[in-house]
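The values are calculated or read from the model by the stated rules, or taken from the named source; none is laboratory data. Since the structure is predicted, the reported quantities are computational estimates derived from the model, not experimental observations. Ideal geometry is used to build each Cβ from the backbone, glycine not excepted, and the neighbour counts take in all protein chains shown.
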Amino acid sequence: MKDKFYITTPIYYTNAKPHIGHAYTTIACDVLARANRLQGKETFFLTGTDEHGAKIEKKAKEDGIEPQKFVDGFAQIFQDLWRALNISNDGFIRTTMPAHKLAVQKVLQTLHDNGSIYKGSYKGLYCVGCEQFKSENELVDGKCPDHNAAPEEMEEECYLMKMNKWQETLISRIKSDEFKIQPERYKKEILSFLENEKLEDVSISRKNLKWGIPLPFDSQHTTYVWIDAFLNYITGLVWDGETEKLKAKSKKLKFWPADVQMLGKDILRVHGTIWAATLLNLEIDLPKSFFIHGHILSGGKKMSKTLGNVIGIDQMLEKFGVDGTRYLLLSGGTFGDDLDLTMERMSEKFNADLANGLGNLVSRVIKLASQDNFQFPISNSQSISNDKILNFINEFNFDGALEYINGLVKESNKFIEDNKPWELAKNDEEKFKEVMQKLLLDLEIIATLLLPFMPETSEKIKLALETRIVQPLFQRIK
Ligand code: MSP
């Protein structure tokens, strides 16, 4: 079998429209998926929507819409956005799909049968925004810092999943990188949590919540939304919940374990503990790695409607287009760190790098090359090596890759200034040809290197090289 590569995004809650944080993660995964396909690996890229739970039930009720209809609308909006952003996902999983629900029930039955789940009760502070119980020390002034709301006191009969016996296993697998957590500081963060706090058994069901998957062994309870959601990472490969089938690795199930699970920093702990323990309880392989990224801030602050600093993904698409948006989200800072954006700074960067830089280079070179009396063969782009860029991408160094490409664009623009081919065309045919050969090759190289990041622009440059027709790639923004 060819080498395989399986990458997942978190699945997004369908209680509101997608925002740039969702687009950011999904674009990063798309670049990784495209780069791995270019490396000849059999690739599967999964994304989807997380559609059950109290948060969604509550919002649907407020809007007076039946929950299924409510989530259908948002799931469609997510899929439309991914098409618009040129996301090359191979699967799209919705947790309300009948096959997913049946698989989740089968898994829960297995966990119940093997003694990993038992009946009890749980008392704690529940944050509906996080859909998680919070410990006192996670709160700031009695509120969840992520949702700025006080969690509800909750005590109810529930089923619990055993966690504690996996504490040492998790520590050793993470330490040895068998279960790799990147960047390094997040590995340290989860290790410090696992080394200092006892893993408590977790409640995996809700008694008073209708909008969820009923437990197969007690229909009065629905499945805790995170357990339901985690399982998407395997049901999305068309898994019916039978553990044995995973071991046989037939069809798409060969893709498990995932090579990279991309996660925002707020959901590392829940994945590193509950998701990992669920897999261990089922005797299923842990994912090979998690990559944890930071959050997008706007003008140094968390985006919020109250502050009026929300940057909408529609707004970005309208202003910068698809490839402009993809470029600006991945070139704005080190992937992994928080990313601070403003529309003003992004507009400046768009003009500098894309309109004046790349766009200008392409139109100048194609215009010069389209002169009838000169014939320039284009080289065979198969021979262009993109190893350098693929290495950057394999290291999650997206801004490094784009900076490198941008450097080539600048050099090439400078080469034009230095050699003034429009003058050579009039008085030194030989030299003109030589200069143009180099410039055309530069464009081919740039188009090849840009492919995972800006697939449409890459295609447009290649087409312009073939047809010698100039079409502006990026219009300057005022
Ligand atoms: N449904 C859960 C995940 C279940 S995965 C089995 C969830 N959904 S979410 O829609 O709230 O968030 C999805 C992802 O978006 C998370 O990785 C989160 O970190 C990320 N982001 C949310 N806000 C963000 C920013 N402002 N910036 C970057 N990413 C952000 O959690």
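Taking residue 84, is it in contact with a helix residue (DSSP H, G or I) (Cβ under 7 Å, 6 or more places away or on another chain), modelled with pLDDT of 95 or more and within 26 Å of residue 315 (Cα to Cα)?
When the stated conditions are applied, residue 84 passes them.
Condition check ((1) among the polar types (S, T, N, Q); (2) in contact (Cβ under 8 Å) with a residue 12 or more places away in the chain; (3) within 15 Å of the ligand (Cβ to nearest atom)) across all residues:
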{"site": "74", "(1), (2), (3)": "no, yes, yes"}
{"site": "77", "(1), (2), (3)": "no, yes, yes"}
{"site": "84", "(1), (2), (3)": "no, yes, no"}
{"site": "113", "(1), (2), (3)": "no, no, no"}
{"site": "131", "(1), (2), (3)": "no, yes, yes"}
{"site": "152", "(1), (2), (3)": "no, yes, no"}
{"site": "157", "(1), (2), (3)": "no, yes, no"}
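What is the residue count in region 66-80 for residues that are crowded, with 20+ Cβ neighbours inside 10 Å and under 11 Å from residue 17 (Cα atoms)?
4
Can you tell me which of (1) within 15 Å of the ligand (Cβ to nearest atom); (2) in contact (Cβ under 8 Å) with a residue 12 or more places away in the chain; (3) in contact with a Ser or Thr (Cβ under 9 Å, 6 or more places away or on another chain) is the one residue 297 doesn't meet?
Residue 297 satisfies every listed condition except (3).
Scan region 26-40 for residues that are surrounded by fewer than 21 Cβ atoms within 10 Å (Cβ to Cβ) and either on the phi < 0 side of the Ramachandran plot or of a type in the set (Val, Ile, Thr) (or both) and jot them down.
Of everything in region 26-40, those that are surrounded by fewer than 21 Cβ atoms within 10 Å (Cβ to Cβ) and either on the phi < 0 side of the Ramachandran plot or of a type in the set (Val, Ile, Thr) (or both) turn out to be 34, 37, 38, 39.
What are the pairs with Cβ atoms under 8 angstrom where one residue, in region 255-274, is surrounded by 17 or more Cβ atoms within 10 Å (Cβ to Cβ) and the other, located anywhere, is among the basic types (Lys, Arg) and part of a strand (DSSP E or B)? Sequence gap at least six, or different chains.
255/4; 259/4
Under 6 Å between Cβ atoms, which residue pairs at least 6 apart in sequence (or on different chains) link something in region 226-245 that is closer than 26 Å to residue 132 by Cα with a partner that is charged (D, E, K, R) and within 14 Å of the ligand (Cβ to nearest atom)?
Every condition considered, the pairs that remain are 229/50.
I'd like the residue in region 1-24 that is near the ligand (Cβ under 9 Å from one of its atoms) and more than 12 Å from the chain's Cα centre (by Cα) and, out of all such residues, is farthest from residue 85 (Cα to Cα).
15
Condition first: within 12 Å of the ligand (Cβ to nearest atom) and either surrounded by 15 or more Cβ atoms within 10 Å (Cβ to Cβ) or without any contact (Cβ under 8 Å) to a residue 24 or more places away in the chain (or both). Now tell me which residues in region 300-311 satisfy that.
301, 302, 303, 304, 309, 311
Would you confirm whether any residue within region 198-214 is surrounded by fewer than 16 Cβ atoms within 10 Å (Cβ to Cβ) and closer than 19 Å to residue 269 by Cβ?
Checking region 198-214: at least one residue is surrounded by fewer than 16 Cβ atoms within 10 Å (Cβ to Cβ) and closer than 19 Å to residue 269 by Cβ.
Starting from residues that are within 10 Å of the ligand (Cβ to nearest atom) and acidic (Asp, Glu), keep the ones in region 47-62 and report whichever is nearest to residue 86 (Cα to Cα).
50
Within region 139-168, how many residues turn out to be within 26 Å of the chain's Cα centre (by Cα), at negative phi and surrounded by fewer than 19 Cβ atoms within 10 Å (Cβ to Cβ)?
Residues in region 139-168 being within 26 Å of the chain's Cα centre (by Cα), at negative phi and surrounded by fewer than 19 Cβ atoms within 10 Å (Cβ to Cβ): 3 in total.
Polar (S, T, N, Q) and either within 11 Å of the ligand (Cβ to nearest atom) or in contact with a strand residue (DSSP E or B) (Cβ under 6 Å, 6 or more places away or on another chain) (or both): which single residue out of 331, 347, 363, 289 fits that description?
289
Any idea which of 224, 233 is assigned by TED's automatic domain parsing to the domain that holds residue 121, surrounded by 23 or more Cβ atoms within 10 Å (Cβ to Cβ) and within 11 Å of the ligand (Cβ to nearest atom)?
233
With respect to the numbered conditions (1) in contact (Cβ under 8 Å) with a residue 12 or more places away in the chain; (2) of a type in the set (A, V, I, L, M, F, W, C); (3) under 21 Å from residue 161 (Cβ atoms), which one is the sole condition not fulfilled by residue 279?
For residue 279, the failing item is (1).
Looking at region 322-338, I want the residues that are without any contact (Cβ under 8 Å) to a residue 60 or more places away in the chain and surrounded by fewer than 17 Cβ atoms within 10 Å (Cβ to Cβ) and have a partner that is outside any helix (DSSP H, G or I) and of a type in the set (Gly, Ala, Ser) with Cβ atoms under 7 Å, at least 6 apart or on another chain. Which pairs are those?
337/294; 338/294
Which fully enclosed helices (runs of 4 or more DSSP H) of region 392-478 have 1 or more residues being acidic (Asp, Glu) and under 12 Å from residue 358 (Cα atoms)?
398-419, 429-450
Quick test of your reading of the structure: residue 284 fulfils all but one of (1) surrounded by 15 or more Cβ atoms within 10 Å (Cβ to Cβ); (2) at pLDDT 95 or above; (3) part of a helix (DSSP H, G or I). Name the failing condition by number.
(3)
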